[in-house]
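The values are calculated or read from the model by the stated rules, or taken from the named source; none is laboratory data. All values derive from a computational prediction rather than experimental measurement.
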Amino acid sequence: MVNLMQNDYPVISAFAGDQDVTREAASNGVLLMVEREDRVYLKLERGTLMGGWKYSTFSGFLVFPV
């Protein structure tokens with residue numbers, strides 16, 4: 001499981017629970033209101049990365065400036 005964190009609080013998660021851990025995929029989406037000093041980052045839960053595919057992507061964009 002991977003969590004999108006904002007200021008140390010989980011906002012949304014993505015989880016894949018297939019038995020074949022070499023080919024898991026998960027996705028999710030969220031629109032956040034972010035202030036200038038906010039921290040936004042991805043947090044992988046301990047012990048949840050196993051198997052063959054070890055790549056992930058994350059993208060974000062500014063909808064409008066504050």
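The table for this structure:
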| quantity | calculated |
| --- | --- |
| Flag for T57 being polar (S, T, N, Q) and either under 13 Å from the mean Cα position of the chain (by Cα) or at pLDDT 80 or above (or both) | yes |
| Selected residue (criterion: modelled with the highest pLDDT) from residues of the range 39-52 that are in a loop (DSSP other than H, G, I, E, B) and either among the β-branched types (V, I, T) or under 16 Å from the mean Cα position of the chain (by Cα) (or both) | R39 |
